[in-house]
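Student: Sending over a structure as structure tokens; questions will come in a sec.
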Amino acid sequence: KQEVTQIPAALSVPEGENLVLNCSFTDSAIYNLQWFRQDPGKGLTSLLLIQSSQREQTSGRLNASLDKSSGRSTLYIAASQPGDSATYLCAVSQETYKYIFGTGTRLKVLA
Amino acid sequence: DTEVTQTPKHLVMGMTNKKSLKCEQHMGHRAMYWYKQKAKKPPELMFVYSYEKLSINESVPSRFSPECPNSSLLNLHLHALQPEDSALYLCASSQSGQAYGYTFGSGTRLTVV
């Protein structure tokens with residue numbers, strides 16, 4: 001059974017730092033992996049989608065990498081800002097129509 | 001239009017009430033989803049509709065009844081809920097198939113009293 005783990009569970013950093021969020025999954029047979037951002041009490045905002053054949057995707061200050069063989073993905077946030085404060089979730093797709101979500105990393109960027 | 005719209009944003013209902021949650025998208029996505037999310041937990045899949053047909057029901061209690069009247073609209077009918085059903089209910093949509101990511105709505109915060 002696929003398990004998705006995100007470490008750390010919570011992170012507090014000063015503004016301007018570059019940071020890395022980690023996502024690990026136990027079964028490498030995935031179709032794709034998606035990173036989401038969730039503000040408190042709100043819906044999920046899609047950040048990046050990486051297909052199983054891809055190694056990385058970039059959008060602005062965000063870069064996500066995927067190493068399927070080791071069951072890992074990282075989300076790199078450059079020059080963090082207070083507006084980046086949110087919970088970040090990764091999700092892996094292993095069956096059609098089913099994403100398995102990680103437990104999330106709660107990020108706080110201090111001004 | 002690249003959004004999934006959910007209404008209402010907040011709902012308070014008694015245990016004997018009947019209410020409905022609504023979800024709408026105009027992106028031409030043929031798969032639509034209901035998720036339930038409790039505080040500080042990841043979303044949990046409830047139902048999946050593909051081409052307006054129920055594809056997945058994750059053993060959800062019958063007091064939750066989904067409906068997909070057309071390719072753009074998804075409803076979740078609620079009846080005789082329990083206080084533990086209080087949660088954020090999220091709707092999502094995607095293209096049909098394995099390669100596509102999801103677009104989520106902003107959710108309905110449901111409180112059962």
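Read-outs: derived from the displayed coordinates by stated rules, not from any lab. The shown structure was predicted, so the numbers you read here are calculated from the model rather than taken from an experiment. Note that we place each Cβ from the backbone using ideal geometry, even for glycine, and neighbour counts take in every protein chain shown.
Student: In terms of Cα to Cα distance under 18 Å, which aspartates and glutamates are near enough to residue A:108, apart from those fewer than 8 places away along the same chain?
Tutor: Output for residue A:108: A:15, A:17, A:39, A:84.
Student: Just to be sure I understand the curve: with the Debye formula and one point per C-alpha of segment B:1-70, what is log10 I(q)/I(0) at q = 0.12 Å⁻¹?
Tutor: -0.37
Student: Under a cut-off of 23 Å between alpha-carbon atoms, report the lysines in cross-link reach of residue B:19, not counting same-chain residues fewer than 8 places apart.
Tutor: Filter leaves A:42, B:9, B:36, B:38, B:53.
Student: Give me a comma-separated list of calculated 3J(HN,Hα) values for segment B:98-104, in order, Karplus coefficients 6.51, -1.76, 1.60 applied at θ = phi - 60°, integers in Hz, x for any Gly or Pro.
Tutor: Once θ is set to phi - 60°, the couplings for segment B:98-104 become 8, 8, 10, x, 9, 10, 9 Hz.
Student: How large is the translational diffusion coefficient of chain A in µm² per second when you combine the Kirkwood radius over alpha carbon pairs with Stokes-Einstein at 25 °C and 0.890 mPa s? Walk me through the intermediate numbers first.
Tutor: Details: Rh = 13.9 Å.
Stokes-Einstein gives a translational diffusion coefficient of 176 µm²/s.
Student: For the protein assembly as shown, report the % of Cα-Cα distances exceeding 31 Å. Write down the numbers at each step before the final one.
Tutor: Working: 5357 of 24976 pairs.
Every Cα pair in the protein assembly as shown considered, those over 31 Å come to 21 percent.
Student: Under the rule that a partner needs its Cβ under 4.7 Å from the first Cβ, which Cys of the protein assembly as shown have none?
Tutor: B:68
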